Structure formats: C-alpha cells, structure tokens
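We did not get these values from a lab; they are worked out from the coordinates using the rules stated. Note that the structure is predicted; figures quoted are calculated from it, not measured. Cβ sites come from the backbone with ideal geometry, for glycine too, and all protein chains shown count toward neighbours.
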Amino acid sequence: EAPQQRIAALPMLDADEHQATIDDWNQTVADYPVEHCLHQRIAQRARASATAVAVTCGAQQLTYAQLNGRANALAHTLIARGVGPDVLVGLAVERSLEMVIGLLAILKAGGAYVPLDPAYPRERLAYMIEDSGIALLLTQPALHGQLPVPADLPVLLLEEGAQTLREDDPQTTVTPDNLAYVIYTSGSTGKPKGTLLPHRNVLRLFAATDRWFNFGPQDVWSLFHSYGFDFSVWEIFGALLYGGRLLVVPHEISRSPREFYQLLCAEGVTVLNQTPSAFKALMHVACSGPGKQALRQVIFGGEALDVKSLRPWFERFGDRAPQLVNMYGITETTVHVTYRPLSMADLEREASSPIGEPIADLSWYLLDGDLNPVPKGCVGELYVGRAGLARGYLKRGELTATRFVPDP
C-alpha cells in the first residue's frame, strides 16, 4: 500500500546504485504458469484419491469423492440460479463440513465466494452484504432468520440446494483469471474493503512456495481461522490442493488453547497456521502440559512476530521438528509475501520480526515518498509487485488507483 505520509529526505542514489539496489532485492524472480482453477485441481484430487479423507469436523468426515460429489450437486443448483464467472455469492455458514461444501460449490459454479462469518457483528455483516452487492446468499436454515438479509436478496439454503441428483462436475467457462473470492479487510484503517482475488493468485502462491514446504497427502491441516480472514485461504486450499486432510476446528474449541492443543495432538495435525498472539496462548499449554504433537510446520502470519517470545517453545521442542516459519503478507497480496524459517539463533538477534525473502514470483522494493529506492540501512515503505497482487478493491476505483500504483 502507498505510504500514509512522506518519508524524510534521504540521500539520492545514482543510476548504477539505483539498479543495483533493485536487483539486490529481487534475485529470485520466477514465473509459475497456472492452467486450471482451484476447483478443477480439487476435482483431479477427487478422481485420483477418491477414498482418502478430505475434511473432518468432530465425528463427521467426507472423502474426496464425497466432497466433490456434494459440491457438484450444489453447484448445479447455483448455476440454475444464475451463478457464473465473477458472480459474487455470499456464504454465511457455521464452521462445519457444509462450509467447505458451500465454498467449493460456489467455485464449481464459476462464482466467487464472499465469506460472511455468522460470528461477525450484525452491523459488519449488514455492511458487507450491502457493499458487496452479492447476487445470492447461501446459508443454513438456523442462520437465515438471524442474518441482516435485505428483502430483495435471493437466498438459497444449502441443504435445499444440494438435493439435486446430479453429481457430475459442472462445465463452466470460468478461467484462472476469474475471481475466486472477495475477502473484506479488517477495517482497522477505515471502512472494510472488499479485495478481489482470482484463482490464479492462489494457485501460483502454492506453486511458488512448494520448494520450502513440500506439502502432500500425508499432511493434516487445521482450519483454525475464520473463513472471513484470508489466512483461511492458505489453510483450506493448502490441504485440498495437495490431497491432505482439512480439520475444521469448531468455534468454541478455537477459543480454548487447551482444547485446541488436545485436538491437534489427537488428530495428528502436521501443518499449523497461527497469528503470533494465538500461538502465544497455545505455546503456554504445549510447553506445560502433556500431549504428543505431530507438527512439522508452524506458520505465522497476520501480525508482527516477536521472535524472543518463542524461547519457551524452542527450549521445549527445539527448532527443527516442527519448523517454525514467519510469513509476512496482507490480503491484497494473496495471503503471503515472504518466507523466513526461524531458529534458536534468532533469539539473540536484534531484529524482532524478521520477514526473510520474497516469494519467488513477487517483486519488492523499499521506497521513499517519491517511489525512489532508499539506500541500504535506511527506512522506507515496502512495495510489493507482480503475480500476487489482487485485482483491486471492489467498487473502489479511486482507492485502488492510490494503493495499486504503476511500477516506475
């Protein structure tokens, strides 16, 4: 995003220094072609691993074949209701298997999901429904009467929409450049803004980070975060694109560090994604109580990380199994921008929140108020470019123009 205020005057770089600075910051630039959409990749998984468990929630579970079939059935109904490429569909569903089915069905119909977490305040939900201009609301009977639904907004109850007998993959004209979702920012710097993200952005994110993580069918991911928070995009599709298992964490358990730790131990979770503040409470439980965890990756995002706060974890579990990773990013850059594995040696370094290196298909620059690179060791604003950028903000052309600026 553009600087909120001008940075004090800095020494000017000559032409050679200018180019050297840019080159030094962007040594790993690569491209990752995307040929399919998210739902098409998941359908491929369903054909290859039909009986593998895709999603669990409490005592319930769905195999990949069951998830794909139920999402297809709902998708056919959505198509009949006018959903197609770049059509926005609101999704207001409790954390459940049905939440994953509904989300996937919207994509299969060619549409883009707008997450409307029923746990959000009523005023926020009303604003998001009105501002997004969703063409249809997909929800559950128990929630329908509680939501601030305008009288003229079409509503489809998920259970009714899934009653069709058709479970074949719908054929649509959607492409990787069509929207997959519109997630609203927190609103901490003004009114929440709907951010437009296409399929391509998410798929290239996983392709570009695969060399670091080697995710696969053996992994169990926890869906800990609200599906209205963009960290959930990484959790949901990280599991399903690789043939892993997605563990949907009930809302009440996500609020209890002790119960959540017991759950991730019992379910053998291998990939855990956490904001630093949530992990701090979980770490206290893990370091002081029983329970054998199977984690191989703990990935931080969403907030600045105080590495020194991780000392109890490193002293209890070491710094290799699991590997702790700090990833900086924002909704507008498709979840993540950088990668930085952490170790005990970081406890002695001055940098409080090291963010590491950029994902290979992104460019990044540290610039002054006039968009000139700042000399090494000087303070500037971080600008991110290339493959991960959102399409912009929904219905906010002027704001999009000020935040998504041409690369000089």
Over the chain, with a Gaussian network built from C-alpha contacts below 10 Å, which listed residue (Pro276, Pro176, Pro150) shows the highest mean-square fluctuation? Pro150
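Charges only on Cβ, +1 for Lys and Arg, -1 for Asp and Glu: so what's the dipole of region 319-399 about the Cα centre, in debye to the nearest 20?
Computed about the Cα centre, the dipole is about 320 debye.
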In debye, nearest 20: dipole of region 267-356 around its Cα centre with unit charges on the Cβ of K, R (+) and D, E (-)? 280
Using +1 at the Cβ of each Lys and Arg and -1 at the Cβ of each Asp and Glu in the chain, identify which of His36, Thr164, Pro312 lies farthest towards the dipole's positive end. Thr164
Simple spin-label estimate for Cys378/Gln323, 7 Å along Cα→Cβ, in nm, reads 3.6
Report the calculated FRET efficiency for Thr63 and Glu123 (r = Cβ-Cβ distance, R0 = 45 Å), to the nearest 0.05. 0.70
Expected max-MSF residue from Lys308, Lys280, Lys376 in the GNM of the chain (alpha carbon, under 10 Å) is Lys376
To the nearest 10 degrees, how steep is helix 276-288 against the longest Cα principal axis of the chain, on a 0 to 90 scale? 80
Work from the charge dipole of the chain (Cβ charges, +1 for Lys and Arg, -1 for Asp and Glu, about the Cα centre) and give the residue of Phe231, Leu138, Thr331 farthest towards its positive end. Leu138
Given the Cα-Cα distance of Glu259 and Glu160 and 0.36 nm per residue of separation, how much length would full extension add, in nm? 32.3 nm
If R₀ is 30 angstrom, what is the calculated FRET efficiency for the pair Glu357 and Ser186, using the beta carbon separation as r and rounding to 0.05? 0.70
What spacing in nm lies between the two simple spin-label points modelled at Lys308 and Arg403, each 7 Å away from Cα in the Cβ direction? 3.3
Treating only Lys and Arg (+1) and Asp and Glu (-1) as charged, each at its beta carbon, one finds that the chain has a dipole about its Cα centre, in Debye to the nearest 20, of 1040
Lysine pairs in the chain with Cα distance under 21 Å, only those 8 or more apart or on different chains: how many are there? 4
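Stretched out fully, how many nm does the piece from His284 to Gln171 gain, at 0.36 nm a residue minus the Cα gap?
Working: separation 113, 0.36 × 113 = 40.68 nm, distance 4.92 nm.
Contour length minus the Cα-Cα distance gives 35.8 nm.
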So for the pair Asn214, Leu371, with labels modelled 7 Å out along Cα→Cβ, what separation do we get in nm? 4.2
